[in-house]
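Engineer: Let me give you the structure first, and then I'll get to my questions.
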Amino acid sequence: MKKSSLMAVWGIFYIICAGLGFIPEPEGAVRIFLTVISVLFFVPPAILLYDALSAGDRKTVLLIRRLSALSLSLTLVLLIANFLAALGSPGLGSFLHVLLVIGSAPMVCSNYWVLSLFLWAVLLVASLQKRKEK
């Protein structure tokens, strides 16, 4: 697949995950479906990273590295803010939860937060690994 097509598919998966992340407490088949969609979110960047590392495309590797680091950092900040919002108003908590769903779409969509964080970390480490080999 072309790089632009993979980027578009990745963006579409992000939009789907962000939208489905607002489903409250899914159960059964819906929960399994959401987990599958969340894992599928990471397939296009994995292919992009593999192709970029094979072709020596430093720009794409750097893009995936930065997006992975940004997602992990933003998730950390938003999780801390959400925990601290428990002491504040309900409106603030709702607002921060919406930011968390949008900012960490595959994590909230899957309901298995560690899975998404792990896959972002895998992308980050894989993008850093090639740099260390040189």
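The values are calculated or read from the model by the stated rules, or taken from the named source; none is laboratory data. Since the structure is predicted, the reported quantities are computational estimates derived from the model, not experimental observations. Using ideal geometry, Cβ is built from the backbone for each residue, glycine included, and neighbour counts are taken over all protein chains shown. These area figures cover heavy atoms from the full protein model, side chains too; ligands, DNA and RNA do not enter into them. Shrake-Rupley method; radii C 1.70, N 1.55, O 1.52, S 1.80 Å.
Quick grid of which residues meet (1) outside any helix (DSSP H, G or I); (2) exposed (fewer than 15 other Cβ atoms within 10 Å of the Cβ):
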| residue | (1), (2) |
| --- | --- |
| Met1 | yes, yes |
| Leu6 | no, no |
| Gly11 | no, yes |
| Tyr14 | no, no |
| Ala18 | no, no |
| Phe22 | yes, yes |
| Pro26 | yes, no |
| Phe33 | no, yes |
| Val36 | no, yes |
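Engineer: Right, next: With respect to Leu119, determine if the residue is open to solvent by 50 Å² or more (accessible area, probe 1.4 Å) and either small (Gly, Ala, Ser) or in contact (Cβ under 8 Å) with a residue 60 or more places away in the chain (or both).
Structural biologist: The answer is no for Leu119.
Engineer: Cβ-Cβ under 6 Å, sequence separation 6+ or interchain: first residue in the stretch 5-23 and in contact (Cβ under 8 Å) with a residue 12 or more places away in the chain and closer than 22 Å to Asn111 by Cβ, partner open to solvent by less than 70 Å² (accessible area, probe 1.4 Å) and assigned to a loop (DSSP other than H, G, I, E, B). Which pairs?
Structural biologist: From the stretch 5-23, the pairs are Phe13/Phe41; Cys17/Phe41.
Engineer: Would you pick out the residues in the stretch 77-116 that are small (Gly, Ala, Ser), closer than 24 Å to Leu49 by Cα and either open to solvent by 80 Å² or more (accessible area, probe 1.4 Å) or part of a helix (DSSP H, G or I) (or both)?
Structural biologist: Gly103, Ala105, Ser110, Ser116
Engineer: Among the numbered criteria (1) open to solvent by 40 Å² or more (accessible area, probe 1.4 Å); (2) hydrophobic (A, V, I, L, M, F, W, C); (3) assigned to a helix (DSSP H, G or I); (4) touching a residue at least 60 places away in the same chain (Cβ under 8 Å), which one does Val61 miss?
Structural biologist: It fails just one condition, (1).
Engineer: Give the number of residues within the stretch 31-62 that are closer than 23 Å to Leu99 by Cα and β-branched (Val, Ile, Thr).
Structural biologist: Matching residues across the stretch 31-62 total 4.
Engineer: Scan the stretch 42-57 and give yes if some residue there is closer than 17 Å to Trp120 by Cβ, among the hydroxyl-bearing types (Ser, Thr, Tyr) and open to solvent by 70 Å² or more (accessible area, probe 1.4 Å), otherwise no.
Structural biologist: Scanning the stretch 42-57, I find at least one residue that is closer than 17 Å to Trp120 by Cβ, among the hydroxyl-bearing types (Ser, Thr, Tyr) and open to solvent by 70 Å² or more (accessible area, probe 1.4 Å), so the answer is yes.
Engineer: Looking at this structure, is Ser68 in a helix (DSSP H, G or I), at pLDDT 95 or above and polar (S, T, N, Q)?
Structural biologist: yes
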